[in-house]
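A short worksheet on the structure shown next.
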Amino acid sequence: MLALPVMAEPVTLLAFGDSLTQGYGLDPEDGFVSQLESWLEAEGAEVEVINGGVSGDTTAGGAARIAWSLTDDIDAVIVALGGNDLLRGIDPAETHANLDTILTVIGEAGLPALLVGMEATGNFGTSYKDEFDRLYGELAEAHGVGYFPQFLQGLVELDDRAQALRDYLQDDGIHPNAEGVTLIVDRMGPAVLDLINRASGM
């Protein structure tokens, strides 16, 4: 009698972020977590994606809750925070320190991570933008984690910015609609799949 192959255990992935992760304004099946899980499964991944998004959360809030968010079942973490820091004009040095704390806690837990960046607008001046935009890459390199430059990459890369605003964002002009989330997931998906492979030892 032939022995059946041993199947790898599913990877439990924590999507740790704010309203973009949480799925603000969307039905659960249309949000980032559900669409990402479906995308990964379509690529053959055995995965469960846990929604660790808190609407309105800043990096300070994330730093305060990361330790208790890393339950024993978590195998890997997406860190996608900073958008609300931007909206509030928080000092990039503070954002840097908070994300450093989050990544340190994840590293001490022995978990692989993917750091997802945000891109500042010019509202607070060029020096603010320059400092904010480079902190994600610096932290990813310092902690040896995966890096995806911009949560909204799938939208900002569209040639027609007016179309992106019109067709892929909700009425608030900030949060993606279901179709926008699909573009976001399609663009970010390969980086998350790499994270899943690292967590499963492939």
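The values are calculated or read from the model by the stated rules, or taken from the named source; none is laboratory data. Keep in mind that what you see is a predicted model, and the values were worked out from it rather than measured. All Cβ positions, even for glycine, are placed from backbone atoms using ideal geometry, and neighbour counts span all protein chains on display. Note: accessible area is taken over every heavy atom of the protein model, side chains too, but ligands, DNA and RNA are not part of it. Shrake-Rupley method; radii C 1.70, N 1.55, O 1.52, S 1.80 Å.
Couple of notes before you dig in:
- Residue in the range 34-48 that is among the aliphatic types (A, V, I, L, M) and closer than 16 Å to VAL105 by Cβ present: no
- Taken together, the residues in the range 168-196 that are in contact (Cβ under 8 Å) with a residue 24 or more places away in the chain and loosely packed, with under 15 Cβ neighbours inside 10 Å amount to 3.
- Test result for ASP85, open to solvent by less than 20 Å² (accessible area, probe 1.4 Å), among the acidic types (Asp, Glu), in contact (Cβ under 8 Å) with a residue 60 or more places away in the chain and under 19 Å from PHE148 (Cα atoms): no
- Pairs are defined by a Cβ separation below 8 Å, a sequence spacing of at least 6 or placement on different chains, a first member in the range 129-156 that is within 18 Å of ALA191 (Cα to Cα) and surrounded by fewer than 13 Cβ atoms within 10 Å (Cβ to Cβ), and a second member that is at pLDDT 95 or above and hydroxyl-bearing (Ser, Thr, Tyr); the pairs so defined are GLU141/TYR147.
- Residue selected from the range 1-36 under the condition open to solvent by 50 Å² or more (accessible area, probe 1.4 Å) and closer than 15 Å to ILE74 by Cβ, by the criterion modelled with the lowest pLDDT: GLU9
- So VAL79, is it touching a residue at least 60 places away in the same chain (Cβ under 8 Å), touching a Pro at 6+ places or on another chain (Cβ under 8 Å) and surrounded by 14 or more Cβ atoms within 10 Å (Cβ to Cβ): no
- Residue in the range 89-123 that is modelled with the highest pLDDT, counting only those that are within 25 Å of GLY154 (Cβ to Cβ) and open to solvent by 50 Å² or more (accessible area, probe 1.4 Å): GLU119
- Candidate set from the range 51-69 (those that are assigned to a helix (DSSP H, G or I) and in contact with a Gly (Cβ under 7 Å, 6 or more places away or on another chain)); member that is farthest from LEU111 (Cα to Cα): THR59
- Per-region count, the range 143-202, residues touching a strand residue (DSSP E or B) at 6+ places or on another chain (Cβ under 8 Å), under 26 Å from GLU9 (Cα atoms) and of a type in the set (A, V, I, L, M): 7
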